[in-house]
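The values are calculated or read from the model by the stated rules, or taken from the named source; none is laboratory data. What you see is a predicted model; the values in this text were computed from it and never measured. Note that each Cβ is placed from the backbone with ideal geometry, even for glycine, and that neighbours are counted across all protein chains shown. Areas reflect the complete protein model, heavy atoms only, side chains present, ligands, DNA and RNA absent. Shrake-Rupley method; radii C 1.70, N 1.55, O 1.52, S 1.80 Å.
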Amino acid sequence: VIGSIKDEILQVEELALWIISYLRSEYAGKLQERYGVEVDTEEITSVNGSQEGIAHVGMALCDPGDVVLLPNPGYPVFEVGGRFSGAEMYFYELREENEFLPKLSEIPEEICKRAKFMLVSYPYNPVCAIAPREFYEELVAFAKKHNIIIIHDNAYSDIIYDGVYGGSFLEIPGAKEVGVEFFSLSKSFNLTGARVSFMLGNKKIVDALKLLRSQYDFGMFLPIQKAAIAALKGPKEAVKEQC
């Protein structure tokens with residue numbers, strides 16, 4: 001009887017691992033299809049909503065005395081990881097006259113030297129701005145120059161209007177060398193309560209978050225993973241309707 005139970009447990013564990021791998025593969029396929037971005041499944045980790053991931057990635061990356069660069073105005077959770085890790089906050093201004101894009105040249109050199117990461121988010125809530133490709137190219141160059149990690153919150157990638165293109169930070173050559181991007185199924189597929197999101201990009205950053213999360217999380221509920229796979233593979237009319 002014990003042997004039979006062990007066999008059943010192993011079968012369930014194998015199924016769980018297969019579904020987790022399959023979900024990451026499906027998301028990698030979505031990125032390739034939509035943005036032309038190629039990522040390996042080991043460069044993707046699921047998180048319990050992008051809010052949870054963003055709150056914890058700062059704890060995975062920062063030490064006391066580091067500086068994190070955050071937008072003002074900004075969603076409150078952007079500050080959490082840095083504050084929990086003892087980092088200092090530097091708020092860069094988003095102004096209407098600059099189309100709510102940061103002026104990277106205005107960030108003091110001394111701050112750049114101490115900065116561990118910069119958080120950006122486009123399409124952006126609450127100012128409803130979209131960043132053009134030229135900004136992302138400038139951002140990648142800025143990150144390389146100052147050795148700053150870029151964390152891009154792209155939760156609103158599908159909530160765009162009038163035929164504009166939101167894009168992905170990872171489309172830019174060299175972006176994966178300096179940063180990661182968060183995507184969420186909450187807004188696009190009306191799955192807010194299910195908490196399905198992904199962080200992907202630079203493997204070292206992904207691995208750092210995985211290591212931290214391994215100490216308090218045991219993986220996503222399998223029916224939720226199946227629902228996420230169905231959303232990614234299914235028709236997209238509901239995404240437009242939700243938008």
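Values as computed for the structure displayed
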item	result
Model label zone, Ser105; criterion: amide N under 19 Å from point 7 Å along Cα-to-beta-carbon; scope the stretch 137-167	137-146
With every protein chain in place, the chain: carbon and sulfur % of accessible area (1.4 Å)	54
The chain - share of DSSP beta bridges that are antiparallel (%, nearest 5)	35
Distance (nanometres) between label positions extended 7 Å along Cα→Cβ at Glu97 and Asp63	4.0
Distance in nm between pseudo-label sites at Glu33 and Leu222 (7 Å out along the Cβ direction from Cα)	2.5
Surface/4 of the Cα convex hull for the stretch 34-75, nm²	4.9
With eigenvalues of the C-alpha gyration tensor scaled by 5 and rooted, the stretch 153-235, Å	22, 21, 10
Full-extension gain in nm, Thr192 to Asn72, via 0.36 nm per residue minus C-alpha separation	40.7 nm
Principal axis dimensions, largest first and in whole angstrom, of the stretch 87-230 by Cα	48, 41, 28
Value at 222 nm in deg cm²/dmol, rounded to 500, when DSSP H runs of n ≥ 4 in the chain each add -39,500 (n - 2.57)	-13500 deg cm²/dmol
Euclidean distance of C-alpha centroids, the stretch 94-112 and the stretch 213-233, integer Å	37
Residue among Gly86, Phe189, Ala141 farthest towards the positive dipole end of the stretch 81-208, charges placed on Cβ	Gly86
At 1.306 mPa s and 10 °C, Stokes D of the stretch 29-119 from Kirkwood alpha-carbon radius, µm² per second	107
Where the chain is the region considered: accessible area per residue in Å², 1.4 Å probe	51
When the stretch 91-174 is reduced to its Cα atoms, the Kirkwood hydrodynamic radius in Å	13.5
Cα-centred dipole magnitude for the stretch 33-154, charges only on beta-carbon of K, R (+1) and D, E (-1), debye, nearest 20	240
